[in-house]
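The values are calculated or read from the model by the stated rules, or taken from the named source; none is laboratory data. The structure presented is a predicted model; accordingly, all values stated were derived computationally and were not measured. As a convention, Cβ positions derive from the backbone with ideal geometry for all residues, glycine included, and neighbour counts pool all protein chains shown. The protein model used for the area step is the full one, side chains on, heavy atoms only, and it has no ligands, DNA or RNA in it. Shrake-Rupley method; radii C 1.70, N 1.55, O 1.52, S 1.80 Å.
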Amino acid sequence: MQLAESAKNADASDFIHKIRQAEDTLQSGRQRRSIAGGQINGGLVEVHDLENLVIISDLHGDSKSLFRVLSEINYEQFLSRELNKLVFLGDYIDRGSDSLGIMYSVCYLKNTYPDSVILMRGNHEAPAEFPFSPHNFPYEIEDRFGNRWREIYKEILSMFRLMTLATVVRRKLLLVHGGLPTKEAEAANFRESIAFAQERQVRSSVLEEILWNDPRQIDENREQERSRRGLGRYFGTSVTRTWLQATDTKAVIRGHEPCLGFRLDHDNMIMTLFSCKDIYPNSAAAYLMLNAAYLEKIKDAKELSLHVKFLA
Ligand SMILES: [Mn+2]
């Protein structure tokens, strides 16, 4: 694939150029407040009209899986239609061997097809806000580009801050990287609480919870528990129900946890999807592909599982 070759051969200047261009693209989408078939409001994207939808979840440096999906969906043709959407659920980097190849490629895709590509932010794309480990990405940059690594890393960090925190596909899907914020008031006021989550980070936990939370079976009388991750929380079924009602959607799709391609939780209201293969030998990689007609019929996350494609 030509894109894989370009990503492999890019030098430091090519890289910086691509990332700056992606920053401009993301910034101008936010200023225009629109994307084909939908609206952008800070960290929130709401899609009203779409034809076909592909969702890729955590990649964690596994560029082979990315290129495989892109070739399976015939991406140049797919993305040339503005109402076809390719959504990434975040966690592009760390752990695997080619985070740079993925960053180069997703920047290229966003720059070339700005209306068809939605880049969501994962917890690995927020190292300044929430330090965590492993975060081997800076070392990968240094290995490849030597002392220009700082310049590149800094540019990438500022681009991360412009990524989408939640995507709502009208009346159907709510997409986040990690999970749902546990305070009921945040759901009731979801447009504002997500749109400005980045700016309000100090006063509210919405950014942290979207990027770090996990769905769990929790005691009926409680809605949340401390997470073993040290950041974010575990949220129960009632939180999921509250968010689906507030956003008028039928299913939540999120990544953040390795699984056998996908997993269902909370009475089939949530699907966890995972698209990274090479560093998780006990998990499987998958992505989701569906058209508007299928989407129209979706009543819960279990029905979505018919549209999960596994990577061989
Ligand atoms: Mn994650």
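Among strands (runs of 3 or more DSSP E) entirely within the stretch 220-271, having at least 1 residues that are touching a Phe, Trp or Tyr at 6+ places or on another chain (Cβ under 9 Å) and open to solvent by 20 Å² or more (accessible area, probe 1.4 Å) singles out 224-226, 233-235, 262-265.
Among the residues making up the stretch 146-185, those that are open to solvent by 30 Å² or more (accessible area, probe 1.4 Å) and among the aromatic types (Phe, Trp, Tyr) are TRP149, TYR153. ASP91 satisfies every condition listed in (1) within 16 Å of the ligand (Cβ to nearest atom); (2) more than 18 Å from ILE55 (Cβ to Cβ); (3) charged (D, E, K, R); (4) at pLDDT 95 or above except (2).
Could you list all residues from the stretch 296-306 that are closer than 23 Å to SER71 by Cα, open to solvent by less than 70 Å² (accessible area, probe 1.4 Å) and either over 18 Å from the mean Cα position of the chain (by Cα) or among the acidic types (Asp, Glu) (or both)?
Here is the first cut: in the stretch 296-306, the ones closer than 23 Å to SER71 by Cα are 304-306.
From the residues that got through so far, the ones that are open to solvent by less than 70 Å² (accessible area, probe 1.4 Å) too are 304-305.
Within the stretch 296-306, SER305 is the sole residue that qualifies.
Here GLU82 clears all of (1) of a type outside the set (A, V, I, L, M); (2) more than 14 Å from the ligand (Cβ to nearest atom); (3) surrounded by fewer than 18 Cβ atoms within 10 Å (Cβ to Cβ); (4) within 22 Å of THR272 (Cα to Cα) except the condition numbered (4). The single condition among (1) under 14 Å from the mean Cα position of the chain (by Cα); (2) open to solvent by 30 Å² or more (accessible area, probe 1.4 Å); (3) within 16 Å of the ligand (Cβ to nearest atom) that ARG216 does not meet is (1).
Considering the stretch 96-111, and only residues there that are open to solvent by 10 Å² or more (accessible area, probe 1.4 Å) and not acidic (Asp, Glu), the residue that is farthest from the ligand (Cβ to nearest atom) turns out to be ASN111. Quick test of your reading of the structure: ARG33 fulfils all but one of (1) closer than 20 Å to ARG170 by Cβ; (2) in contact (Cβ under 8 Å) with a residue 60 or more places away in the chain. Name the failing condition by number. Evaluating ARG33 over (1) closer than 20 Å to ARG170 by Cβ; (2) in contact (Cβ under 8 Å) with a residue 60 or more places away in the chain leaves (2) as the failure. Cβ-Cβ contacts under 9 Å between residues 6 or more apart (or on different chains), taken from a first residue in the stretch 43-64 that is free of Cβ contacts under 8 Å to residues at least 60 places away in the same chain to a second residue that is open to solvent by less than 10 Å² (accessible area, probe 1.4 Å), are listed as SER63/ALA7; SER63/GLY96; SER63/SER99; SER63/LEU100; SER63/GLY101; SER63/ILE102; SER63/SER105.
Note on the stretch 30-75: residues that are touching a Leu at 6+ places or on another chain (Cβ under 9 Å), small (Gly, Ala, Ser) and surrounded by fewer than 20 Cβ atoms within 10 Å (Cβ to Cβ) total 3.
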